[in-house]
Amino acid sequence: MRHRIAVVGSGPGGLTFARVLHRHGHSVALFERNPSPDARPPGGTLDLHEGMGQLALDKAGLLAEFRKLSRPEGQAMRILDTDGTVLRDWRPAPDEQANPEIDRKHLRDLLHGPLEIQWGRGVTKVLPGTRDGVRIEFADGPPETYDLVVGADGAWSRVRPAVSSATPHYTGVTTVETSLDDVDRRHPGLARLIGDGSVAVYGVNRSLTAQRNSGGHVKVYAKFRAPQDWHAHLDPADVEALRASLLALFDGWADPVLDLLRHGTAFVHRPLHVLPVGHTWPHVRGVTLLGDAAHLMPPLGAGANLAMLEGAELAEAVAADPEDLDDAVRAFEERMWARAARWAEITTAGLERLVSPDPAAALALFEEVQPS
């Protein structure tokens with residue numbers, strides 16, 4: 001391929017784009033601001049949908065390897081009332097492959113494979129329309145020029161300003177994340193509560209969810225409606241003060257549920273931001289976006305799946321029509337915008353129901369997705 005192509009960001013979308021191009025015999029420059037693969041925690045587990053994330057892996061020739069790494073049993077879902085009563089207890093069939101789970105680190109390593117990632121290359125600005133193409137400026141090192149720059153660099157994308165003035169806005173819902181390690185040995189009661197997959201408890205304008213990862217690791221997410229600066233009076237390093245504040249928010253809930261917070265280690269504040277539903281931009285020659293950089297939405301299982309499918313589709317389009325790169329990108333953007341708008345509407349409505357004044361709305365949403 002004569003074209004010089006760069007992707008910014010080594011998340012699932014950027015890696016899938018680069019890996020599918022690699023399968024078609026084309027190279028791509030892959031820039032990542034983190035200095036190394038393990039510079040920060042990789043995050044929790046992901047459920048990859050058959051027609052989205054799994055389809056993208058199939059396009060990359062990695063579906064069989066994914067099957068070996070994934071955890072179909074992780075699709076199990078239990079819902080409790082705030083008093084600990086089990087309201088729903090859904091378990092997948094032995095051959096259920098609709099949405100198997102995989103740890104983010106395992107997925108990253110699978111996609112990384114033979115790719116060369118330029119670690120520690122933080123992008124500061126992307127300038128289209130220069131004489132030699134699209135100019136990328138870095139926090140450290142000289143600028144470089146490409147025919148196509150793909151922004152796969154997440155919510156606070158440094159590529160997005162090259163095509164759009166949109167910025168993420170706060171949803172009014174905050175997530176605080178904590179975790180449990182070696183749960184089966186250290187906290188067998190909580191291990192039984194969580195089961196093979198996830199357990200969720202919904203109250204008035206708040207929820208607690210625990211999700212099993214591999215190796216006995218569990219991620220716990222407390223979601224609630226609050227001002228973005230709700231924790232401004234707390235010292236981020238004071239774990240016990242943060243724990244006490246969260247326990248006060250969930251006061252009156254059953255003790256086994258609150259134990260998910262009592263035994264958590266560190267607490268990470270993650271206010272939920274989104275881009276406007278239906279976010280698009282006037283096409284800019286040589287620059288495009290995918291994943292959260294293009295359509296940041298509530299984290300309800302669609303984001304990584306969309307990013308991976310988009311990365312795979314864009315790579316196939318570029319590989320199939322190398323003579324007219326710009327037309328291939330234009331056609332990709334039109335498909336991406338329409339699909340992403342539908343999912344943004346679904347996930348925005350879903351967040352409203354999952355963190356709602358009426359906890360029954362959350363249970364009803366689960367029944368729609370997974371009838372008992």
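The values are calculated or read from the model by the stated rules, or taken from the named source; none is laboratory data. Small disclaimer: the values here were computed from a predicted structure and weren't measured. Reconstructed Cβ throughout: ideal geometry from the backbone, glycine too, with neighbour counts over all protein chains shown. Ligands, DNA and RNA are stripped out before the accessible areas are found, and what is left, the full protein with its side chains, is counted by its heavy atoms. Shrake-Rupley method; radii C 1.70, N 1.55, O 1.52, S 1.80 Å.
In table form, for the structure just shown:
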quantity	calculated
Failed criterion for Asp95 (all others in (1) crowded, with 21+ Cβ neighbours inside 10 Å; (2) part of a loop (DSSP other than H, G, I, E, B); (3) not small (Gly, Ala, Ser) hold)	(1)
Segment 1-46, subset among the polar types (S, T, N, Q) and open to solvent by 40 Å² or more (accessible area, probe 1.4 Å), residue nearest to the chain's Cα centre (by Cα)	Ser36
Leading residue by the ranking (least open to solvent (accessible area, probe 1.4 Å)) among those in segment 121-143 that are within 29 Å of Asn305 (Cα to Cα) and assigned to a loop (DSSP other than H, G, I, E, B)	Gly122
Matching option when the condition is surrounded by fewer than 20 Cβ atoms within 10 Å (Cβ to Cβ) and on the phi < 0 side of the Ramachandran plot, among Ala293, Ala302, Ala312, Ala320	Ala320
So Arg330, is it open to solvent by 40 Å² or more (accessible area, probe 1.4 Å) and within 17 Å of the chain's Cα centre (by Cα)	no
Complete set of residues in segment 98-119 that are assigned to a strand (DSSP E or B), farther than 18 Å from His217 by Cβ and touching a Lys or Arg at 6+ places or on another chain (Cβ under 8 Å)	none
Residues (touching a helix residue (DSSP H, G or I) at 6+ places or on another chain (Cβ under 9 Å) and outside any loop (DSSP other than H, G, I, E, B)) located in segment 211-241	Gln211, Arg212, Ser214, Gly216, Val218, Val220, Ala222, Lys223, Phe224
Residue tally, condition within 26 Å of Arg339 (Cα to Cα) and assigned to a loop (DSSP other than H, G, I, E, B), over segment 1-58	12
Candidate set from segment 220-232 (those that are open to solvent by 20 Å² or more (accessible area, probe 1.4 Å) and either charged (D, E, K, R) or within 17 Å of the chain's Cα centre (by Cα) (or both)); member that is nearest to Gly74 (Cα to Cα)	Tyr221
Members of segment 100-113 that are out of contact with any Pro (no Cβ under 9 Å at 6 or more places or on another chain) and surrounded by fewer than 16 Cβ atoms within 10 Å (Cβ to Cβ)	Gly113
Test: residue in segment 61-80 that is over 30 Å from Arg135 (Cβ atoms), in a strand (DSSP E or B) and of a type in the set (Ser, Thr, Tyr)	no
Positions within segment 246-269 being surrounded by 15 or more Cβ atoms within 10 Å (Cβ to Cβ) and touching a strand residue (DSSP E or B) at 6+ places or on another chain (Cβ under 8 Å), in sequence order	Leu246, Leu249, Phe250, Trp253, Ala254, Val257, Leu260, Leu261, His263, Gly264, Phe267
Conditions (1) surrounded by fewer than 19 Cβ atoms within 10 Å (Cβ to Cβ); (2) out of contact with any Ser or Thr (no Cβ under 6 Å at 6 or more places or on another chain); (3) among the aromatic types (Phe, Trp, Tyr): number failed by Tyr146	(1)
Residue in segment 190-207 that is of a type in the set (Gly, Ala, Ser) and open to solvent by 30 Å² or more (accessible area, probe 1.4 Å) present	no
Every pair of residues 6+ apart whose Cβ atoms lie under 7 Å, when the first sits in segment 27-48 and is within 22 Å of Val150 (Cβ to Cβ) while the second is buried (at least 18 other Cβ atoms within 10 Å of the Cβ) and among the polar types (S, T, N, Q)	Leu30/Ser10; Glu32/Ser10; Leu48/Gln54; Leu48/Asn99; Leu48/Asn305
Sole exception among (1) within 24 Å of the chain's Cα centre (by Cα); (2) within 29 Å of Val239 (Cα to Cα); (3) open to solvent by 30 Å² or more (accessible area, probe 1.4 Å) for Glu116, by number	(2)
Pair list, Cβ < 6 Å and 6+ apart or interchain, from segment 165-178 residues that are more than 18 Å from Ala349 (Cβ to Cβ) and in contact (Cβ under 8 Å) with a residue 40 or more places away in the chain to residues that are open to solvent by less than 20 Å² (accessible area, probe 1.4 Å) and basic (Lys, Arg)	none
Flag for Arg185 being more than 24 Å from the chain's Cα centre (by Cα) and open to solvent by 50 Å² or more (accessible area, probe 1.4 Å)	yes
Search result, residues across segment 149-182 that are closer than 30 Å to Arg78 by Cα and either charged (D, E, K, R) or open to solvent by 60 Å² or more (accessible area, probe 1.4 Å) (or both)	Glu177, Asp181, Asp182
